[in-house]
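These notes are about the structure you will find just below.
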Amino acid sequence: MKEDLDEALEALRSALAIQDEVLGNHQETERSHREIAYVLKKLGRHEEANREDVLAQQVSMSVSEPQPEY
């Protein structure tokens, strides 16, 4: 199971990198941070999970701010 979780964590981090590059701060990015935190908690890596939760909260706050029009 640990190997599966490690693979899931790597896949989520790759997806997050793509989302950040393509979308910037977006609701999907927030969800990815929360999913990464969940996997980290299952792996017993609580400190890293807490950091991901904080990042999710920061993204959530920035999404609710007005976005510039282009």
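The values are calculated or read from the model by the stated rules, or taken from the named source; none is laboratory data. Computed from a prediction, not measured in an experiment: that's the story for all the values here. Because the Cβ atoms are built from the backbone with ideal geometry, glycine has one as well, and the counts that use them run over all protein chains shown. Surface areas here come from the heavy atoms of the whole protein model, side chains and all, with no ligands, DNA or RNA. Shrake-Rupley method; radii C 1.70, N 1.55, O 1.52, S 1.80 Å.
Under the condition of being open to solvent by 100 Å² or more (accessible area, probe 1.4 Å) and acidic (Asp, Glu), the residues counted in region 31-48 number 1. Cβ-Cβ distances below 7 Å connect the following pairs, each with a first residue in region 43-70 that is closer than 13 Å to residue 31 by Cα, a second residue that is modelled with pLDDT under 90 and open to solvent by 100 Å² or more (accessible area, probe 1.4 Å), and a separation of six or more residues or different chains: 63/27.
From the list 51, 13, the one residue that fits, being modelled with pLDDT of 90 or more and surrounded by fewer than 17 Cβ atoms within 10 Å (Cβ to Cβ), is 51. Scanning region 16-30 for residues that are surrounded by fewer than 16 Cβ atoms within 10 Å (Cβ to Cβ) and either in contact (Cβ under 8 Å) with a residue 12 or more places away in the chain or of a type in the set (A, V, I, L, M, F, W, C) (or both) turns up 17, 18, 22, 23, 27.
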